[in-house]
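The values are calculated or read from the model by the stated rules, or taken from the named source; none is laboratory data. Predicted model, so just to flag it, every value in this text is computed and none were measured. Don't worry about glycine lacking a Cβ; one is built from the backbone with ideal geometry, like all the others, and counts go over all protein chains shown. Calculation scope for accessible area: heavy atoms of the full protein, side chains included, ligands and nucleic acids excluded. Shrake-Rupley method; radii C 1.70, N 1.55, O 1.52, S 1.80 Å.
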Amino acid sequence: MRLSFCGNDNASAYNISAGVLRNVCFVDALNLVPHVFLLFITFPILFIGWGSQSSKVQIHHNTWLHFPGHNLRWILTFTLLFVHVCEIAEGIVSDTQMKSRHLHLFLPAIMGFVAATVSIVYYHNIETSNFPKLLLALFLYWIMAFVTKTIKLVRYCQDGVPFSQLRFCITGIMVILYGLLMAVEINVIRVRRYVFFMNPQKVKPPEDLQDLGVRFLQPFVNLLSKATYWWMNTLIISAHKKPVDLKAIGKLPIAMRALTNYVCLKEAYEEQKKKVADQPNRSPSIWLAMYSAFGRPILLSSTFRYLADLLGFAGPLCISGIVQGFQNTTNNTNTTEKEFLRNVYVLAVLLFLALILQRTFLQASYYVTTETGINLRGALLAMIYNKILRLSTSNLSMGEMTLGQINNLVAIETNQLMWFLFLCPNLWAMPVQIIMGVILLYNLLGVSALVGAAVIVLLAPIQYFIATKLAEAQKSTLDYSTERLKKTNEILKGIKLLKLYAWEHIFCTSVEETRMKELTSLKTFALHTSLSIFMNAAIPIAAVLATFVTYAYTNDKPLQPAQAFASLSLFHILVTPLFLLSTVVRFAVKAIISVQKLNEFLLSDEIGDDSWRGGDSSVAYESCKKHTGLHTKAINRRQPLRYQLESYEQPTKKQTRPVEIDDIAIKVTNGYFSWGSGLATLSNINIRIPTGQMTMIVGQVGCGKSSLLLAILGEMQTLEGKVHWSNVNESEPSFEASRRNRYSVAYAAQKPWLLNATVEENIIFGSPFNKQRYKAVTDACSLQPDIDLLPFGDQTEIGERGINLSGGQRQRICVARALYQNTNIVFLDDPFSALDIHLSDHLMQEGILKFLQEDKRTLVLVTHKLQYLPHADWIIAMKDGMVLREGTLKDIQNKDVELYEHWKTLMNRQDQELEKDMEADQTTLERKTLRRAMYPRESKSQLEDEDEEEEEEEDEDDNMSTVLRLRTKMPWKTCWRYLTSGGFFLLFLMIFSKLLKHSVIVAIDYWLATWTSMDNANEVRNVDDTYHVAVFSILSGAGIVLCLITSLTVEWMGLTAAKNLHHNLLNKIILGPIRFFDMTPLGLILNRFSADTNIIDQHIPPTLESLTRSTLLCLSAIGMISYATPWFLVALVPLGIAFYFIQKYFRVASKDLQELDDSTQLPLLCHFSETAEGLTTIRAFRHEARFKQRMLELTDTNNIAYLFLSAANRWLEVRTDYLGACIVLTAAVTSITEGPNSGFVGLGLLYALTITNYLNWVVRNLADLEVQMGAVKKVHSFLNMESENYDGYLDPSQVPKDWPQEGEIKIENLCVRYENNLKPVLKHVKAYIKPGQKVGICGRTGSGKSSLSLAFFRMVDIFDGRIVIDGIDISKLPLHTLRSRLSIILQDPILFSGSIRFNLDPECKCTDDRLWEALEIAQLKNMVKSLPGGLDAMVTEGGENFSVGQRQLFCLARAFVRKSSILIMDEATASIDMATENILQKVVMTAFADRTVVTIAHRVSHILDANIVLVLSEGFLVECDTASNLLLKEDGLFTTLVKTHK
C-alpha cells in the first residue's frame, strides 16, 4: 500500500475547487506548519545552548525559576501533551478503519506532540539560563498554532460535525489550550518587559539559591523535577562513590527552618491564648494554632490525595474494559467517544497514563505532608525548648516535670504529632475511597458485592481493636525495657564492685527477671502484630470468597471474567484504606494525648523574672549613666544598713540603687524561700555579699548553703523578702565593657554539669577564646596533666557520649568554666568536695586568691574546708535553713566564741592533715584511671566494629570498585546469623509456610480465571458451579489459615532470636574481664542493650515479614503474567535491569541518610536533656540565647537529614511506580496480542497492578533490613569476647565453710599484668602478713598499689608466683568462692537503687540485728532510723539521696556485714570529709581489730600506725617493715614520701 498524506482511496481528497480552506486535507497540512516552524527555530538554539552549557556559572541558578506563570505553563503543556496523545490515538483508530493509509489523520498530531515537548524543554533551558528574549519564538508558535487550530475548528462547525464526535472535542480543547498558553506568554512579556518596553525588569534569585550551602532543591525546581525528584539523582548517584555526609546535604531552605516555623506557630498560639484569656478554665488550643500555621499545605496534600484516589479506580475499570473488549471485538467506522474507549489498545495506554498520574499525585501528597510534618516538628521543638529555659526549678526538682517527661515530649510527643500530620490526609480521603469502591462494586456485581463489602466493614473494627492492643503492649514493653536498662546501667556502673563481691549473678538474675516480663509483653505485641498482618492478608480473601459464592448462587448469569477481575482488583483497593484507617485512628488518638501533654507543659509554672538581674535592666542602665557621678559624691557610702534597706524598699528611688556599689554586690533582706512546696526551705535570711571580696558560706551538710545560692540566683520561689543586685561595678570605667556580662553570674554547681562537647568548649562556654586566660585557668585548676592524658588533648569529647571523667576531674572543669567567664560575680558551690588537699590548696591559692582577686571579682564560696576561713573577707554561717552568723572571722571570734572554738577544733584536725600530707593522690588516681581508659585506644577501635574495614579502603589511591562492592553488599552473613539464632526448626517452618501460603493464593486466583472463562454451556452449569464453588471455598479457607500460620511463625522466630541474643549478650558482658570495662565506654555497651536490643526485639521481625511477603508477591505475580503471556518475559529483561540499578543506588543512599538521621537525632535529644539538667547554670550564666541558637541548629540539621531521607524514599517510590506502570503496559499489550483467553488476560493485569504496589516495598524493606542488621552485627561483635575464667581446680565443696578463718596472707614471688599482651605491673613481690595485722601499702602513683589489691581477687592476670591465704592458693579456687569470702572498700562509694537492706546484703543472708550492728559501727544507725522504713528505706539510683561521705560509710557497713577475716581498703578515704574519715579510721581500729586489714594509702599519714608497711615502686616491693623502723632509714623511699608531704 502506497503512503500518501490524504490516502489514495478517494480522488476528491485533493480537490480545492471549493476554496483552499474548505479542503480538510489542506487544513490538516496547514496544522503542520507551526510545529515545523518551532522545530526549525529551536533546535539550533538548543544545540548551541547545550554546547555552551558549561559556561553557566553558579550551579544553583540552574534551578532558578523566575518567569511568571511558570507552574501554569507546565500544567498546560502537560495537558496539551495528553490531548495530543488522544488525538494521535483517535487518528490511528480512525485510520485502521480506512481502506488506505490516511497520514493526515495522525501525522499533524504526532508533530504537535513533538513540538509541545520541544517547547517545554526549550522554555526550561531559557528560564534557567535567563535569556528571556528567546521566548519570542515560543510566543510566535503559540499564535500560529492557535490560528491554525481555530481554522480547523471553524471548518468542522461549517461541515456540521456533531459534538459527540471525538475529533471535534479534541480540536476544541486544543484551541482553548493554545489560547491559554498564548496568554501566559503575553503575561511574561507584561511583567518582565523583556521586549517592546524600554526598561526590562531586573530580578535577583531568592536568598536560598544564592547560598551554595542549600542543597535541598525541591521547592525551587520545575514541576517535572518536583514530581519525579529528578534533582535527587546527583545525590543518590554520588552516594555510591562516597558516603553522604552532612556537607553533602547542606542546610535547610529558609522557609523550612525551625526558627521560621517557630515564629509562625508561636504567633498562632499566642492568638489562641488571647482568645481564651478571659475564660480561666479553658486552655488555648494547640490544634487551632497548628491549623492556622500549617493548614494550607495540608489542604494541598489532601487535594493531591483525592486526585490520586480517584485515578486509582481507573485500574479496575480498564481491566474490565480490556477483558470485555477481548471477548467481543467489533468493527465500526465512526469513532465516537464510546467507541474510542472500547478499543483495547487505547484502554491499555489510558491505564498506563492513569497509573503514572495516580502515583505522581500520591507521592506529591506524601511529600507535602512529610515536609509539613517536619516543619511542625521543628516549630514544636523550638517551643518546648524555649519553655524549658523558662521552667521553674522547683518544677523540675519537685518532680512535677521530670527530665524523663521532658525527654518524652521531645523524643515521643513531637514525633507522634509529626506522624499524625503525615497520616492525616488519610482521615478524610479514605471514607471517600471506600464509598466510591463500594458503589463501583455494586455496579459490577449487584447485591452480592455488598456482602463482600460488609465482610470487610465488619472486620475493620477488629483491626482497630488489634491496633489499640498493639499500642498497649508496646507501652508496657517500653516500661519494662526502661526498667531493664536502668538495672543494666547500674550493673555496668558498679561492675567492679559486683565482681569484687561476687554479686554479678544476683544482679544478672534481676535483669533477666525484668527481661522475662519484657518478653511476655513482647509476646503479646508479637501476637497482635501477626494478627494484624493476618487480618490484612485474610480479609480480601474472605471478602472475595463471600462475594463470589453469593453471586454464584443468587444470579442466573454466570460470572464473567471482566466482572470477576475488576471486582478482585477493587477489593484489593478497598482493603488498604480499611487496614490503614485503624492505624490512622490510633495515631489520631495518640496525637490528641500528645497535644494534651504539650499543653500541660506549655502552661506549667515559669520562673519569675528577676528583674534586677535581667528583664528591665535597661531602665537601670539609663538611670545609672545619668546619676552615677552625682550620687556617689552626695551620699555617704558607709550608710548604716537601715537606710540602705529603706532606699531599696521604695522603687521610686531607683537612682539611689548604685549608691552602695563598692561595698555590696548582692543583698537579701528578710528572705523566705521555698522549693515550690509552700514551706520555706530558707527562712529569715538577711545577708549581704560585699563587692570584689570573697564571701564564704559554711555550715553542716543539708543546712541550706546551696539553696541560698540558688535563691540569690532567683531559682527558688520567693515567699517574701527581696534579693537586690547592685547595678554597676564602678571599678570599670566604661559601661559598655561591663555591660555584656554584668548580669551574668559565673556559677559552678555542686553536682558538676558538663556539656557533651570538647574540654575546651566546656571551659570557655561560649566566651571568646583567650589563650593566656585559658592557660591561667587550666593551670589554676591543675587540669593540664589531665588534658595531656586525653587522646586529643582539650579537643577530646567529654560528657555522656564522650569519655567518662571522674568526679574530681568534672568538678575542676566546672570550676575552670566559672573562673574563665568574664563576669563580675562568681558563685562556687562546694568546689573542693571532690578534690584532695593538694588540689584544693592549689585551686585556692592560684585560682581563687590570685586569679579572682586580681580581677576584683566578687566571689561567693560554699565549702566544708574550714581551714580556708582565714582567707575569707566575709563569712556567712548557716544552720537549718537560717543564717547563724554573718561577719568577718574577727567578728565571729569576738561575738560567738563557742562557734569559733568548734571551728578551731575542726580546723586543727584539718591542719594536721595538711602538715602531714599534701600528696595529690586522688587526682593521680583519677588520672591513672583515665590513662587506663585511654591507652588501649587501638583495641577499642577493633572492638567497636569489625565492619570498619570498608572505611579504610576509601583511600584515594585504592581502586573504587572494592569500596562500591562493600557499600552495596547486603550483610547476608549477619542475616544468616540472625535467622539461625532463632533455631533451625522455626526457620524451616517459616520458609515452608511462606511458600505454601503464596502458592495457595496464586491457586485461588488461577481457579477463578479458569472458572470464569469457561464456555458456559447451560446444562452442566449447576453441577459445575457447585464443584467450582467448593474448590474455591476450600482453597480460600486454606489460604486464610496459612496466612495466620505464616504471620505467627515469623513473629515467633523473631522473638526466639531476640531472647537468645539478649541472654547471650548479658551473660557475656557480665562475665567479661574488668579490663574490658576499662577499655569500652559505658555508653557503647549500654547502646547494645538499648537501641540495638530494641531493634532486634521490635523492628527486625516485621521488616522481615514485610520483605518476604512483598518479594514473594512480586515473584508470584511475575510468574503468573509470564504463564498467561510468555512474551512478557522479553519485556521484563530491561525492566528488571532498571529495577536492579534503582534498588542498588537507593539502598546505599538510604542507608547513609538513615544513619545521618539517627546520628543527628542523638545530639538534639542530648541537647534537650543537657539543658534541662544544667538549667540553673545556663540561667546563672545568662546563656539562654546561645543555647537556643544551638538547639535551632541541631533541629535544622536533623530535619534536613530527615527531609532528604523522605525525599529519597519518594525518589525510589516514583521510580518503582513508573516501572510498575511499564509492567502493566507491557502485560496489557502482550496479553492483548498474545493472550489465550479473557480470564487469563484479567489475571495477568490484576497481578501486574499488584506489582506496582509491592515493588517499592521490596526495596524499602531491603534497605531497612540492611540498616537493622547492623544491630545484630554489633551485638555479635560483643559475643566474641573472652570471659573471665570462673572455674577453679578445687570444687567449691572442698573449700572449708569458714575459710579464710585466720586471715594469714603469703605473697610469693607475685607477678601481675592486666592482659597477656601488656607489660607486668607487679614484679616478683614477696611478703608475709600475719593474721589480724594492719598493713599499709604506699608508693608513688603507678607503682602498682591498686594492682596488688586487685590481685587478691584475681581481677588481674597472675602469670607467675602465687598468693596463699590460710594455706590455700587462691589461683586454684573458683572465682566466685574466692571473691565471696573477702571484703573490700573501694575508693568510689557505689550504692544501687533499692532498699538499704539490699545494698548491705543483696544475698539476703543476714539478720536485721547484724545489719543494725553494721550501721551502728559505721555511725549511720541514727540516720537510717530516722528514714521512713528504716532498713527498707529506698536508695535512689547511684545513692544520690545520700552525701558522698554517707555513701562511703554505707560501703564500710557493707564490708562489715560480710564477716570476712580479710578487709582491703583501696584508698577508701579519698573522697570524703574529715569527720567521716575519722569515723572510718576508728572503726578499722576497733570493729576490725581481729581482722587482717590491708590499707592502700591515699595519704601516707594514714598508715603511720600500721603494724607493717609495704612500699612499692614501679611494680617492685622496695621496703617492708613497721613505719617507725622505715622512718629511721634516712634515704628510704618511705621517709621521702612522708617528708615530701609534710
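Could you say whether any residue in segment 768-781 is of a type outside the set (Gly, Ala, Ser), part of a helix (DSSP H, G or I), at pLDDT below 80 and open to solvent by 10 Å² or more (accessible area, probe 1.4 Å)?
Within segment 768-781 (the criterion being of a type outside the set (Gly, Ala, Ser), part of a helix (DSSP H, G or I), at pLDDT below 80 and open to solvent by 10 Å² or more (accessible area, probe 1.4 Å)), the answer is no, since none of the residues qualifies.
When you scan segment 303-316, do you find a residue that is within 20 Å of Leu1249 (Cβ to Cβ), outside any helix (DSSP H, G or I), open to solvent by less than 80 Å² (accessible area, probe 1.4 Å) and of a type outside the set (D, E, K, R), even just one?
There is at least one residue in segment 303-316 that is within 20 Å of Leu1249 (Cβ to Cβ), outside any helix (DSSP H, G or I), open to solvent by less than 80 Å² (accessible area, probe 1.4 Å) and of a type outside the set (D, E, K, R).
Can you find a residue that is closer than 30 Å to Tyr1286 by Cα and in a helix (DSSP H, G or I) anywhere in segment 518-527?
Start the filter on segment 518-527 by keeping residues that are closer than 30 Å to Tyr1286 by Cα, which leaves 518-519.
If we keep only those that are in a helix (DSSP H, G or I) too, we end up with 518-519.
The answer is yes, given that some residue of segment 518-527 is closer than 30 Å to Tyr1286 by Cα and in a helix (DSSP H, G or I).
Kindly provide the set of residues from segment 1318-1336 that are over 50 Å from the mean Cα position of the chain (by Cα) and assigned to a strand (DSSP E or B), ordered by number.
Within segment 1318-1336, His1324, Val1325, Lys1326, Ala1327, Tyr1328, Ile1329, Lys1334, Val1335, Gly1336 qualify.
Take residues that are open to solvent by 60 Å² or more (accessible area, probe 1.4 Å) and tell me which of the strands (runs of 3 or more DSSP E) falling wholly in segment 857-900 contain 3 or more.
By residue number, 882-887.
Does any residue of segment 480-487 turn out to be loosely packed, with under 15 Cβ neighbours inside 10 Å and farther than 20 Å from Ala542 by Cβ?
Yes, segment 480-487 contains a residue that is loosely packed, with under 15 Cβ neighbours inside 10 Å and farther than 20 Å from Ala542 by Cβ.
Kindly list, by first and then second residue, each pair from a residue in segment 264-293 that is without any contact (Cβ under 8 Å) to a residue 40 or more places away in the chain and over 16 Å from Leu603 (Cα atoms) to a residue that is open to solvent by 80 Å² or more (accessible area, probe 1.4 Å) and not in a loop (DSSP other than H, G, I, E, B), limited to pairs with Cβ atoms under 8 Å and residues at least 6 apart or on different chains.
Here the result reads Ser292/Glu271, each pair linking segment 264-293 to a residue that is open to solvent by 80 Å² or more (accessible area, probe 1.4 Å) and not in a loop (DSSP other than H, G, I, E, B).
Where residues in segment 1165-1188 are aliphatic (A, V, I, L, M) and surrounded by fewer than 20 Cβ atoms within 10 Å (Cβ to Cβ), which of them is nearest to Ala239 (Cα to Cα)?
For segment 1165-1188, the residue satisfying everything is Leu1165.
Please return the ranges of helices (runs of 4 or more DSSP H) entirely within segment 126-240 where 1 or more residues are open to solvent by less than 20 Å² (accessible area, probe 1.4 Å) and free of Cβ contacts under 8 Å to residues at least 40 places away in the same chain.
Here the list reads 166-192.
Taking the options Thr1125, Thr1093, name whichever one is at pLDDT below 85 and either touching a Leu at 6+ places or on another chain (Cβ under 8 Å) or open to solvent by less than 20 Å² (accessible area, probe 1.4 Å) (or both).
Working: Thr1093 fails: at pLDDT below 85.
The unique qualifying residue is Thr1125.
Given the condition buried (at least 20 other Cβ atoms within 10 Å of the Cβ) and under 24 Å from Leu485 (Cα atoms), answer yes or no: does some residue in segment 980-1003 qualify?
Checked against the condition, which is being buried (at least 20 other Cβ atoms within 10 Å of the Cβ) and under 24 Å from Leu485 (Cα atoms), segment 980-1003 yields at least one hit.
Residue by residue, here is whether (1) closer than 30 Å to Leu1086 by Cα; (2) outside any strand (DSSP E or B) holds:
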residue: Tyr1286; (1), (2): yes, yes
residue: Cys1311; (1), (2): no, no
residue: Cys1338; (1), (2): no, no
residue: Ser1343; (1), (2): no, yes
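Among the residues of segment 458-497, count how many are over 25 Å from Ser530 (Cα atoms) and assigned to a helix (DSSP H, G or I).
14
One line per residue, one yes/no per condition, for (1) within 23 Å of Ser567 (Cβ to Cβ); (2) touching a residue at least 60 places away in the same chain (Cβ under 8 Å); (3) out of contact with any helix residue (DSSP H, G or I) (no Cβ under 6 Å at 6 or more places or on another chain); (4) of a type in the set (A, V, I, L, M):
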| residue | (1), (2), (3), (4) |
| --- | --- |
| Ala429 | yes, yes, no, yes |
| Pro461 | no, no, yes, no |
| Leu485 | no, yes, no, yes |
| Ile491 | no, yes, no, yes |
| Ile495 | no, yes, no, yes |
| Ser532 | no, yes, no, no |
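So which residues in segment 858-867 are at pLDDT below 85 and touching a strand residue (DSSP E or B) at 6+ places or on another chain (Cβ under 8 Å)?
His864, Leu866
Conditions: (1) within 30 Å of Gly321 (Cα to Cα); (2) touching a Phe, Trp or Tyr at 6+ places or on another chain (Cβ under 7 Å); (3) buried (at least 23 other Cβ atoms within 10 Å of the Cβ). Ile1223 meets all but one. Number of the miss?
(2)
State whether the residues of segment 817-836 include one that is open to solvent by 20 Å² or more (accessible area, probe 1.4 Å), touching a helix residue (DSSP H, G or I) at 6+ places or on another chain (Cβ under 7 Å) and more than 18 Å from Ala748 (Cα to Cα).
No: zero hits.
Please name all residue pairs, on different chains or six or more residues apart, with Cβ atoms under 7 Å, provided the first residue is in segment 746-770 and is without any contact (Cβ under 8 Å) to a residue 40 or more places away in the chain and the second residue is buried (at least 22 other Cβ atoms within 10 Å of the Cβ).
Pairs that qualify, where the first residue is without any contact (Cβ under 8 Å) to a residue 40 or more places away in the chain and the partner is buried (at least 22 other Cβ atoms within 10 Å of the Cβ), are Glu761/Leu755.
Considering only segment 24-36, state which residues are modelled with pLDDT of 90 or more and more than 56 Å from the chain's Cα centre (by Cα).
Pro34, Val36
Out of the residues in segment 530-588 that are more than 26 Å from Val323 (Cβ to Cβ) and among the hydroxyl-bearing types (Ser, Thr, Tyr), which is surrounded by the fewest Cβ atoms within 10 Å (Cβ to Cβ)?
Thr583
Regarding Leu1350, is this residue in contact with a Pro (Cβ under 9 Å, 6 or more places away or on another chain) and in contact (Cβ under 8 Å) with a residue 60 or more places away in the chain?
Details: in contact with a Pro (Cβ under 9 Å, 6 or more places away or on another chain): no; in contact (Cβ under 8 Å) with a residue 60 or more places away in the chain: yes.
No: the conditions fail for Leu1350.
Which pairs have Cβ atoms under 7 Å, sit 6 or more apart or on different chains, and link a residue in segment 361-373 that is within 10 Å of Leu300 (Cα to Cα) and part of a helix (DSSP H, G or I) to one that is hydroxyl-bearing (Ser, Thr, Tyr) and open to solvent by less than 10 Å² (accessible area, probe 1.4 Å)?
What qualifies is Ser365/Ser301; Val368/Ser301; Thr369/Ser301.
Cβ-Cβ below 6 Å, separation at least six or inter-chain, first residue in segment 539-560 and in a helix (DSSP H, G or I), second open to solvent by less than 30 Å² (accessible area, probe 1.4 Å) and aromatic (Phe, Trp, Tyr): which pairs?
Pro540/Phe571; Ala543/Phe571; Val544/Phe571
Only one of (1) at pLDDT 85 or above; (2) among the hydrophobic types (A, V, I, L, M, F, W, C); (3) buried (at least 21 other Cβ atoms within 10 Å of the Cβ) is not met by Ile456, so which one is it?
Answer for Ile456: the failing condition is (1).
Kindly check whether there is at least one residue in segment 1233-1254 that is touching a residue at least 12 places away in the same chain (Cβ under 8 Å), part of a helix (DSSP H, G or I), surrounded by 20 or more Cβ atoms within 10 Å (Cβ to Cβ) and charged (D, E, K, R).
No.
Any chance segment 1071-1088 includes a residue that's assigned to a helix (DSSP H, G or I), aromatic (Phe, Trp, Tyr), without any contact (Cβ under 8 Å) to a residue 24 or more places away in the chain and surrounded by fewer than 22 Cβ atoms within 10 Å (Cβ to Cβ)?
We begin by selecting, within segment 1071-1088, every residue assigned to a helix (DSSP H, G or I); these are 1074-1079, 1082-1088.
Remaining after also requiring aromatic (Phe, Trp, Tyr): 1076-1077.
Of the ones still in play, those that are also without any contact (Cβ under 8 Å) to a residue 24 or more places away in the chain are none.
So far as segment 1071-1088 goes, no, none of its residues is assigned to a helix (DSSP H, G or I), aromatic (Phe, Trp, Tyr), without any contact (Cβ under 8 Å) to a residue 24 or more places away in the chain and surrounded by fewer than 22 Cβ atoms within 10 Å (Cβ to Cβ).
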